[in-house]
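Notes to accompany the following structure.
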Amino acid sequence: MPCRNVVELRNRLQVELLYSCGMRLSETLKLKVCDVDLSQRSVRINGKRGEVRMLPLLSSAVQALNSYLPLRRLLLRGKDEDWLLLGKTTGRPLSEMAIYPVLRKLRKRLQLKRHLHPHLFRHSIAVHLLQRGADVRHVQEFLGHASIDTTKIYLRMVPGWLKEDYDLAMPHIAVMDTTI
């Protein structure tokens, strides 16, 4: 469904960043326009514990950015402080609660039974990457997890052969948690 206005473009962009970049909700809200490098198709994330990581932008995220950025100024109220996602009434950085009506509307439109929440998109990209053969350590770095144990949780949702390959390649880690 095409977006009809700058708010819908912003919402589409935020959902795209949550999924395709595996970003935490708080990370999307801290983004500034200067964190995005469209020429390099990358975004700089200021994550938990002050860590900074560079992530690639999928073509769908680039498309969402290209649609939103030229109209972003329509949301400004006062001085432009470079925040990427702006609230429609305040012109200030988007609030954490603003995503929930968007997700309810998306759930209804897609006729989903399961409730959508921001972190579900992060879980989904992690599982999708692992299902497609991504190395668990790359997924750990991509998500900005401090511990491999946090990332290993996603292995529960991938085919058994991947878990077996992982156990063979990383026996010292596999021994630490036998619940997978």
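Numbers for the structure displayed
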{"quantity": "Coordinate range along principal axes, alpha carbons of segment 47-107, Å, largest first", "calculated": "33, 30, 27"}
{"quantity": "Surface accessible to a 1.4 Å probe, per residue, for the residues of the chain, Å²", "calculated": "56 Å²"}
{"quantity": "Globularity ratio of segment 1-46, using Cα Rg and 2.2 N^0.38 Å", "calculated": "1.17"}
{"quantity": "Approximate shape of segment 67-147 as ellipsoid semi-axes (Cα gyration tensor, √5λ), whole Å, largest first", "calculated": "30, 19, 11"}
{"quantity": "Ranked by how many other beta carbons lie within 10 Å on average, peptides 64-70, 23-29, 111-117 from highest", "calculated": "23-29, 64-70, 111-117"}
{"quantity": "Cα-based Kirkwood hydrodynamic radius, the chain, one decimal, Å", "calculated": "17.6 Å"}
{"quantity": "Between 0 and 90°, nearest 10: helix 99-110 axis offset from the chain longest Cα axis", "calculated": "80 degrees"}
{"quantity": "Helical mean residue ellipticity (222 nm; -39500 (n - 2.57) per DSSP H run of 4+; nearest 500) of the chain", "calculated": "-13000 deg cm²/dmol"}
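The values are calculated or read from the model by the stated rules, or taken from the named source; none is laboratory data. Every value quoted in this text rests on a predicted model; they were computed, and no experiment measured them. Neighbour counts are summed over all protein chains in view; Cβ atoms, including those assigned to glycine, are modelled from backbone coordinates with ideal geometry. Note: areas computed on protein heavy atoms with side chains; ligands, DNA, RNA excluded. Shrake-Rupley method; radii C 1.70, N 1.55, O 1.52, S 1.80 Å.
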